[in-house]
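Chemist: Dropping the structure in here first, questions after.
Coordinate-derived values only; no laboratory data. Bear in mind the structure is a predicted one, so any value in this text is a computation, not a measurement. Cβ sites come from the backbone with ideal geometry, for glycine too, and all protein chains shown count toward neighbours.
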Amino acid sequence: MDAPDEIESEFGVPIPGQVVDPAQWAKTAIKKLPEPGPVDWNAIFGRPAPLVIDLGCGNGRHVLGSAWERRDLNHVGVDLLPVVLRYATRRGNQRGLTNLRFACCDGKNFVRRYLADRSVREMHIYHPQPFHNRREAWKRLLQPEFLADVARTLEPQGRLFLQTDNAPYWDYLRKTAPSFFEFEERDERWPDSPRTRREILASSRGLPIFRGVGVVREMAAEEARTLATKLPRPTFDAGKPQRELDDLERDS
């Protein structure tokens, strides 16, 4: 068992926050999302506060750091893989983060079913799976319809944060995201970088990291859905998989 104040690290980079005394530990796992959605997140957290969503949160590096530093915001980390969520929830619990919850769900269904209109302050999506086999391009998360749905959930001036090390994916996003967001590419690292395990691994191998943030445009949900039908599909060639990185990333 970790001792209070112990600092964890992976690949030599500390995990944000510190383990606190067991008497202060929290319960961050949502064992089952309430049906039907959308979810009343203020009720889940027991307080009203702006909502931050981290889709594909993995082992929780970014959302842990954000929840640790920004106690006035409610945070939800979402991932489809229970194995990585076990690491994330343990770390959230041991840091006493009562402003953090983790849910097991795929990103598309989570946004569509469990997030109300204009209910999210920030949406973070880092290193979405590019699916290198082009026959699986339909599985890519950041389809136009999904971006329209994200826009629906963001409150006025709400922001979408994106990051990937896959150049073809980024080329697609930089052309598509501006339809729904006032989108700006970011040349510099985030102040709290690295935000993900994947970022650590990719950077250590000299791969470029592409970053950007978009402020949601004022647009009716129906207008956004109609626009999405006119945009190109993400059928790009994602290149060869980085198998060594993928294997290391799975070992959370």
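Chemist: What residue, of G206, G158, is under 23 Å from V120 (Cα atoms) and either within 18 Å of the chain's Cα centre (by Cα) or without any contact (Cβ under 8 Å) to a residue 40 or more places away in the chain (or both)?
Modeler: G158
Chemist: For the stretch 64-85, which positions are farther than 10 Å from T28 by Cβ, in contact with a strand residue (DSSP E or B) (Cβ under 9 Å, 6 or more places away or on another chain) and not in a strand (DSSP E or B)?
Modeler: Residues satisfying the conditions are S66, W68, R70, L73, L80, L81, P82.
Chemist: Could we say that A43 is touching a strand residue (DSSP E or B) at 6+ places or on another chain (Cβ under 6 Å) and either over 25 Å from K139 (Cβ atoms) or hydroxyl-bearing (S, T, Y) (or both) here?
Modeler: no
Chemist: Please go through the stretch 190-237 and give me each residue that is buried (at least 18 other Cβ atoms within 10 Å of the Cβ), of a type in the set (S, T, Y) and in a helix (DSSP H, G or I), ordered by number.
Modeler: None; the set is empty.
Chemist: Condition first: farther than 24 Å from L85 by Cα and in contact with a Gly (Cβ under 9 Å, 6 or more places away or on another chain). Now tell me which residues in the stretch 196-218 satisfy that.
Modeler: If the condition is that a residue be farther than 24 Å from L85 by Cα and in contact with a Gly (Cβ under 9 Å, 6 or more places away or on another chain), then V215, V216 are the ones that fit.
Chemist: Another question, if that's okay. Can you name the residue in the stretch 92-129 that is in contact with a Pro (Cβ under 9 Å, 6 or more places away or on another chain) and part of a helix (DSSP H, G or I) and is also surrounded by the fewest Cβ atoms within 10 Å (Cβ to Cβ) among such residues?
Modeler: It comes out as R113.
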